[in-house]
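As structure tokens, the structure follows; a few thoughts come after it.
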Amino acid sequence: MSQPIGLPRPADGGQVPPPSLDGELMARVARGDTEAFSTLFDLLSPRVYGLIRRVLRNPALSEEVTQEVMVEIWRTASRYDDARGSVSSWALTMAHRRAIDRVRSEQAASDRDHAVGARSAEIDFDQVSDAVVNQFEAEQVRRCLGSLTELQRESITLAYYQGYTYTEVATLLEAKVPTVKARMRDGLVRLRDCLGVAGE
């Protein structure tokens, strides 16, 4: 695993006895000792990566989170307390917490994507459904209007679809106002029955 940019790199050199993870090494890291951190990185990063990989199962995400954990260790080394546990357990606890946080974050993002997709599909379905219902209703109204007498149909069309008053309808159809009103009333009753609308 490569070190993140901005972190100290392991020192080049010959073979040396394997170092150990202890409080003294962490104390040196806490003081900003880059060589000590390089040693710590070499000792810890494989274990940190292994734990994170078991949780995330995604190699690329696991490497990313491992880098985040190692950066956090570098930045918070002064908070390590050897009385509360080993360096390894401290680092692995941090790694486990970060991995779980990432799982939750990824799941939340996935849930948001699914919710947005579902809402979009629901809106599309509703729009199509409304359009179909409107078209069906319009066809039904046209069919029912066709069952009316010519005077009934023309009176209702002029009054309800074109906004004319009874007097204007009577003038346009060259009929008396009471006749127009009666024809419209009868036509509306037939229209209601044809459309299957319950009367009040």
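Quick one: what pairs do we get from the stretch 38-66, first residue among the basic types (Lys, Arg), second surrounded by fewer than 18 Cβ atoms within 10 Å (Cβ to Cβ), C-beta under 8 Å, 6+ apart or different chains? So the pair list comes out as 47/88; 53/59.
The number of residues in the stretch 159-181 that are open to solvent by less than 40 Å² (accessible area, probe 1.4 Å) and at pLDDT below 80 comes to 1. Residue 63 fulfils the conditions (1) under 18 Å from residue 22 (Cα atoms); (2) open to solvent by 60 Å² or more (accessible area, probe 1.4 Å) except for a single criterion, (1). The criterion of being surrounded by fewer than 20 Cβ atoms within 10 Å (Cβ to Cβ), closer than 15 Å to residue 91 by Cα, of a type in the set (Gly, Ala, Ser) and modelled with pLDDT under 95 holds for residue 30.
Every residue, every condition in (1) outside any helix (DSSP H, G or I); (2) touching a helix residue (DSSP H, G or I) at 6+ places or on another chain (Cβ under 9 Å); (3) open to solvent by 40 Å² or more (accessible area, probe 1.4 Å); (4) modelled with pLDDT under 70, yes or no:
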residue: 72; (1), (2), (3), (4): no, yes, no, no
residue: 89; (1), (2), (3), (4): no, no, yes, no
residue: 100; (1), (2), (3), (4): no, yes, yes, no
residue: 109; (1), (2), (3), (4): no, no, no, no
residue: 114; (1), (2), (3), (4): no, no, yes, no
residue: 121; (1), (2), (3), (4): no, no, yes, yes
residue: 127; (1), (2), (3), (4): no, no, yes, yes
residue: 141; (1), (2), (3), (4): no, yes, no, no
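The values are calculated or read from the model by the stated rules, or taken from the named source; none is laboratory data. Here the structure is a predicted model, which is why all the values come from computation and not from measurement. Here the Cβ is made from the backbone with ideal geometry for all residues, glycine too, and neighbour counts use every protein chain on show. SASA here: full protein model, heavy atoms, side chains in, ligands and nucleic acids out. Shrake-Rupley method; radii C 1.70, N 1.55, O 1.52, S 1.80 Å.
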